[in-house]
Amino acid sequence: MSFFEPNPPREPVAQPAPVPEWLEEPRGWVGGVVGTRIALATTPDVAVLVHSLYAFPAGMSLTVELRGRDERATRNPHRDFHKILHAEYTEGELSPVFFRFGIELADGGKATNLVGAEERRSIRDRDEPPNAPVLSQRGGSGSGSDVDIRYWLWPLPTGERISFVCEWPAFEVPISRADIHTTQITEAAPRARRLIASME
Amino acid sequence: MSYFEVPPEPDPGEWRPPEWFAAPHDELGVEIVVDEPVARTETAAITLRSIVAYSNGFELSLLGEWAKDGLGPIEDHVVHPHSEQFLRIAVEYADGRRATNMDYALPDDSDSDDDESDEAPPDAPYIGQQHPQFFNRTTHRELTYWVWSIPAGGDVTLICEWPAVTIPVTRMSIDGDTIREASTRSRKLW
């Protein structure tokens, strides 16, 4: 017997169940480039940027970048990576480190990243599409003084405009808002297409 | 003294990349939508998704995609210059100067050399891969390249070759005026 005994072959992994379109971008697709970059908020220490917007028939993916001005600064966002992405409460108070983000549509509909576990389960398990927009956090990454957070917004925004809204108390970012015309998004959606591999 | 002595905090501010090495950290950039194929076969494609212009250079955002199992089992070699799976990229300016993403590959290593960042600016242009994504994507890869500097005149030619999926040397012309105009609109964050 070898000292480094190889693992037995893996059992084939079952195909995961399809995920509803309101929870994530369609697998095997690539979205149309919207071509918008926004500085949603800027303080002396950090900037909150919205970019990498990709439109799909049923929604839009986007990236929020939390960019620290200088790695030397003591308020380096990357150090608080987990707390920035996950809402934690102490005696009912939301952690000031958690990055609050949301959208508002022209008709007043809104969605934020503050979704409780019960509400999340309800959205995930329902058979019919929700009757309000859904903003799903799709992961994050970070390095140096920067943190990137990816979101999926369902459905594709309609109406005249969409507002991006954020607040980040720990980094002294007040409620900040920026609007873009939805025309940019709806014009990009028809450019979404299947990847070559998903056409086989 | 504790058994596990905590080392002093590093001072990351001691070193800063030269301005030609990466997109400026203090700028927002202006995105130009392209979304057009550079090369396409039945089993693979390279798409220029967009260009983000900054005051001193621009980023090319590309999508490389391939049919299932089309690249073999180690798709990460898409970003390793010595691999046949490597997606070769070059830019050429109207004055004939050019750069490729193989210029800084070490002879005996599969990674690029980071030490060039301490050197004086190259004669321009310079091309470097940004934000490599090292998690597996079995059928596609989003690739971002930083190109320094802004060409003074004429168009920019993007050249691609991808031997592993039999995409030959293919050229795409990019309007230089569009890049130059967008680069003047990149705003400072601080």
* Structure fact -> In region A:83-99, anything without any contact (Cβ under 8 Å) to a residue 12 or more places away in the chain and in contact with a Leu (Cβ under 7 Å, 6 or more places away or on another chain) is listed as none
* Asked: Do you know which residues across region A:92-121 are part of a strand (DSSP E or B), over 16 Å from the mean Cα position of the chain (by Cα) and under 21 Å from residue A:169 (Cα atoms)?
  -> A:93, A:94
* Asked: Can you tell me which of A:162, A:149, A:123, A:185 is surrounded by 15 or more Cβ atoms within 10 Å (Cβ to Cβ) and within 13 Å of chain B (Cβ to nearest Cβ)?
  -> A:185
* Asked: Quick one: residue B:37 ticks every box in (1) within 11 Å of chain A (Cβ to nearest Cβ); (2) touching a Phe, Trp or Tyr at 6+ places or on another chain (Cβ under 7 Å); (3) modelled with pLDDT of 95 or more bar one, so which box is it?
  -> (2)
* To do: Would you check which residues across region B:40-61 are more than 12 Å from chain A (Cβ to nearest Cβ) and either closer than 12 Å to residue B:160 by Cβ or under 14 Å from the mean Cα position of the chain (by Cα) (or both) and list them?
  => B:57, B:58, B:60
* Identity of the residue in region B:62-88, within 11 Å of chain A (Cβ to nearest Cβ) and more than 17 Å from the chain's Cα centre (by Cα), that ends up surrounded by the most Cβ atoms within 10 Å (Cβ to Cβ) -> B:66
* **Residue match in region A:128-138 (condition: within 14 Å of another protein chain (Cβ to nearest Cβ) and surrounded by 13 or more Cβ atoms within 10 Å (Cβ to Cβ))** => yes
* Consider residue B:32 carefully, then state whether it is within 8 Å of another protein chain (Cβ to nearest Cβ) and modelled with pLDDT of 95 or more. => yes
* To do: At least 2 residues that are under 16 Å from the mean Cα position of the chain (by Cα) and without any contact (Cβ under 8 Å) to a residue 60 or more places away in the chain in each: list the strands (runs of 3 or more DSSP E) lying fully within region A:122-200 that qualify.
  => A:134-143
* Structure fact -> All-but-one check, residue A:85 against (1) crowded, with 19+ Cβ neighbours inside 10 Å; (2) away from chain B (no Cβ under 14 Å); (3) closer than 29 Å to residue B:25 by Cα; (4) of a type in the set (A, V, I, L, M), failing number (1)
* **Tally of residues being among the charged types (D, E, K, R), more than 12 Å from residue B:53 (Cβ to Cβ) and within 14 Å of another protein chain (Cβ to nearest Cβ) across region B:171-190** => 1
* Asked: Which of the residues belonging to region B:1-27 are at pLDDT 75 or above and among the aromatic types (Phe, Trp, Tyr)?
  -> B:3, B:4, B:20, B:21
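The values are calculated or read from the model by the stated rules, or taken from the named source; none is laboratory data. The model shown is predicted, which means the values in this text are computed figures rather than measured ones. Virtual Cβ from ideal backbone geometry, glycine too; neighbours counted across all protein chains shown.
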